[in-house]
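Asker: I have a structure I would like to understand better, so I am pasting it below and will then ask my questions one at a time.
The values are calculated or read from the model by the stated rules, or taken from the named source; none is laboratory data. Because the structure is a prediction, the values reported are computed rather than measured. Quick reminder, even Gly has a Cβ in these numbers, built from the backbone with ideal geometry, and neighbours come from all protein chains shown. These accessible areas exclude ligands, DNA and RNA; they are computed on the full protein's heavy atoms, side chains included. Shrake-Rupley method; radii C 1.70, N 1.55, O 1.52, S 1.80 Å.
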Amino acid sequence: MASNFIILAAGKGSRMNSDLPKVLHKLAGVPLLAHAMNSASLGGAKKSVVVTGHGGAAVAKAALGIDAETLIANQDEQLGTAHAVLQAKDALGEMEGDCIVLYGDTPFISPETLEEMSKARDSHDVLVLGFETNDPGRYGRLITNGDKLDRIVEAKDASPEELAVTLCNSGVICANTSVLFDLLSEVKDDNAANEYYLTDIIGIATSKGLSCGVVHCDIAETLGINTRAELAAAEADFQAKARIAAMENGVSLTAPETVYFAYDTVIGRDTTIEPNVFFGPGVTIENDVEIKANCHFEGCHISRGSVVGPFARLRPGAELAEDVRVGNFVEIKNADLAEGAKVNHLSYVGDATVGKAANIGAGTITCNYDGVMKHRTEIGARAFIGSNTSLVAPVSIGIEAMTASGSVITQNVPIGALALSRAKQVNKEDLATRLMDKLRATKARKEKEKKDN
Ligand code: UD1
Ligand code: MG
């Protein structure tokens with residue numbers, strides 16, 4: 001059954017040494033918070049509440065941008081993880097079903113693990129996600145008795161024997177929602193940090209005769225981000241896995257270590273990606289596409305049989321139909337390119353529609369911005385745009401029409417017409433030869449004068 005989720009994101013993250021709240025630092029193209037929220041939604045969230053605090057307004061705005069249905073609860077003062085979870089009570093409203101607590105700075109919790117925790121609720125009232133490590137450091141220690149979890153001790157409060165325990169608390173906890181809030185209401189702050197510890201609910205539950213258990217996962221999954229170095233290490237970890245996954249899915253990467261994916265990049269089978277390609281969020285590439293070296297993509301779609309790059313930039317809203325060619329030093333933004341269209345060299349195509357098999361010559365620019373507003377350019381099927389054409393939008397080029405090279409097109413071009421909009425050429429007989437002779441003579445005279453002085 002679907003659970004409620006509470007995502008804690010009120011902490012300061014002081015070790016990031018940043019004005020930006022920690023959970024808004026990016027991993028795989030999106031804020032850390034988006035990863036935790038994504039885990040919740042893949043885990044089938046019924047309701048999810050993000051608990052904000054430090055940088056609350058910015059975090060709330062980002063959370064709603066990621067998922068407009070997300071509920072927000074603010075924790076004015078950061079009095080500890082138990083206090084943070086309690087802040088979500090009003091936002092959740094009814095206390096039905098299970099509730100899972102996640103941290104906004106822990107991006108890799110998988111839906112399978114969350115599923116396992118929900119299933120384990122058949123045998124225990126409260127579940128904690130734990131992991132083994134040889135270097136337990138500041139983590140809370142899970143004190144078990146057979147398959148039962150008795151209590152959690154924070155490192156600051158632990159005895160030497162407890163500190164020697166290597167089974168640690170990831171922070172993820174699952175329980176029936178109303179049981180969770182009943183337990184939380186009994187948590188006190190009589191500990192080394194004078195904080196309300198979420199981890200105390202385990203001891204309280206055990207003392208009430210409730211059963212607590214541990215679901216195990218790998219430490220890599222519970223990796224929390226506290227510093228920029230940890231963020232970079234997590235990024236490297238994500239990229240390494242994404243590259244392997246892409247290759248397993250049938251994508252050829254010539255130099256995998258130079259290709260950077262976003263959390264949601266989708267690439268089809270038998271697509272080839274040459275070195276140094278960067279994917280921002282929202283990119284889908286179909287099968288049998290060729291991406292040549294040094295491209296940058298964001299929010300775009302590339303259909304089967306297309307060839308893109310080298311050195312191409314596709315920005316949000318770039319939609320390439322089948323067998324499109326986008327070549328070197330070409331930027332496409334918010335534009336639909338129909339089947340077989342070609343933009344091969346040095347062009348900017350923005351806010352445009354390009355018809356089937358249209359050919360856009362080198363150096364073509366859609367002048368889409370008048371300084372205040374954006375305007376569209378429509379190019380018909382099989383149109384031929386001459387090199388170095390400026391298309392001053394709003395403007396449309398008819399089916400099978402042409403523009404002469406170097407034209408500045410400010411008026412619509414009818415179907416099948418040729419538009420010429422440039423100064424007429426004038427040839428001056430012999431003038432080049434005479435001019436050069438004169439310049440050379442001047443230079444020779446100046447050099448002689450210099451020598452004589
Ligand atoms: C917590 C656990 C510890 C566990 C570790 C795993 C407690 C008491 N301890 O310790 O057992 O091994 O995580 O990383 O729960 N937060 C708030 N409001 C607060 C305090 C924290 O929203 O008042 C948020 C933080 O932003 C963070 C998360 O809760 O996302 C965890 O807080 P943090 O201070 O990092 O807890 P740890 O000391 O690491
Ligand atoms: Mg922490």
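Asker: Any chance region 197-208 includes a residue that's within 29 Å of ARG121 (Cβ to Cβ), at pLDDT 95 or above, away from ligand 2 (no atom under 16 Å from the Cβ) and outside any helix (DSSP H, G or I)?
Answerer: Yes; the residues of region 197-208 include at least one that is within 29 Å of ARG121 (Cβ to Cβ), at pLDDT 95 or above, away from ligand 2 (no atom under 16 Å from the Cβ) and outside any helix (DSSP H, G or I).
Asker: Given the criterion of a type in the set (S, T, N, Q) and more than 24 Å from GLY13 (Cβ to Cβ), identify the matching residue among ASN194, ASN134, ASN169.
Answerer: ASN134 is the lone residue from the list that is of a type in the set (S, T, N, Q) and more than 24 Å from GLY13 (Cβ to Cβ).
Asker: Tell me, which strands (runs of 3 or more DSSP E) wholly within region 344-453 include 2 or more residues that are under 33 Å from the mean Cα position of the chain (by Cα), under 27 Å from SER303 (Cβ atoms) and not assigned by TED's automatic domain parsing to the domain that holds GLY327?
Answerer: Here the list is empty.
Asker: What single numbered condition from (1) away from ligand 1 (no atom under 11 Å from the Cβ); (2) part of a strand (DSSP E or B); (3) farther than 19 Å from GLY80 by Cβ; (4) not β-branched (Val, Ile, Thr) fails to hold for CYS99?
Answerer: (3)
Asker: Output the residues belonging to region 122-140 that are within 16 Å of ligand 2 (Cβ to nearest atom) and open to solvent by less than 10 Å² (accessible area, probe 1.4 Å).
Answerer: The answer is VAL128, LEU129, GLY130, PHE131, GLY140.
Asker: Filter region 4-38 down to the residues that are closer than 20 Å to ILE72 by Cβ and either surrounded by fewer than 24 Cβ atoms within 10 Å (Cβ to Cβ) or modelled with pLDDT under 95 (or both) and list them by number.
Answerer: Within region 4-38, GLY11, LYS12, GLY13, LEU20, LEU24, HIS25, VAL30, ASN38 qualify.
Asker: Filter region 145-154 for residues that are crowded, with 18+ Cβ neighbours inside 10 Å and either among the aromatic types (Phe, Trp, Tyr) or assigned to a strand (DSSP E or B) (or both) and give the result.
Answerer: LEU149, ARG151, ILE152, VAL153 - these are the residues of region 145-154 that are crowded, with 18+ Cβ neighbours inside 10 Å and either among the aromatic types (Phe, Trp, Tyr) or assigned to a strand (DSSP E or B) (or both).
Asker: What residue, of HIS83, HIS124, is away from ligand 1 (no atom under 16 Å from the Cβ) and at pLDDT 95 or above?
Answerer: Residue meeting the stated conditions: HIS124.
Asker: What pairs come up if the first residue lies in region 269-281 and is within 17 Å of ALA245 (Cα to Cα) and of a type in the set (Asp, Glu), the second is surrounded by fewer than 17 Cβ atoms within 10 Å (Cβ to Cβ) and at pLDDT below 95, and their beta carbons are under 7 Å apart, counting only those six or more places apart or on different chains?
Answerer: Within 7 Å, no pair qualifies.
Asker: Where residues in region 45-55 are more than 16 Å from ligand 2 (Cβ to nearest atom) and crowded, with 19+ Cβ neighbours inside 10 Å, which of them is modelled with the lowest pLDDT?
Answerer: Only one residue tops the list, namely ALA45.
Asker: Could you list, in sequence order, the residues of region 305-327 that are over 19 Å from ARG382 (Cα atoms) and open to solvent by 50 Å² or more (accessible area, probe 1.4 Å)?
Answerer: Of everything in region 305-327, those that are over 19 Å from ARG382 (Cα atoms) and open to solvent by 50 Å² or more (accessible area, probe 1.4 Å) turn out to be PHE311, ARG313, ARG315, PRO316.
Asker: Scan region 102-129 residue by residue and report those that are in a strand (DSSP E or B) and either touching an Asp or Glu at 6+ places or on another chain (Cβ under 7 Å) or farther than 30 Å from ALA240 by Cα (or both).
Answerer: Of everything in region 102-129, those that are in a strand (DSSP E or B) and either touching an Asp or Glu at 6+ places or on another chain (Cβ under 7 Å) or farther than 30 Å from ALA240 by Cα (or both) turn out to be VAL126, LEU127.
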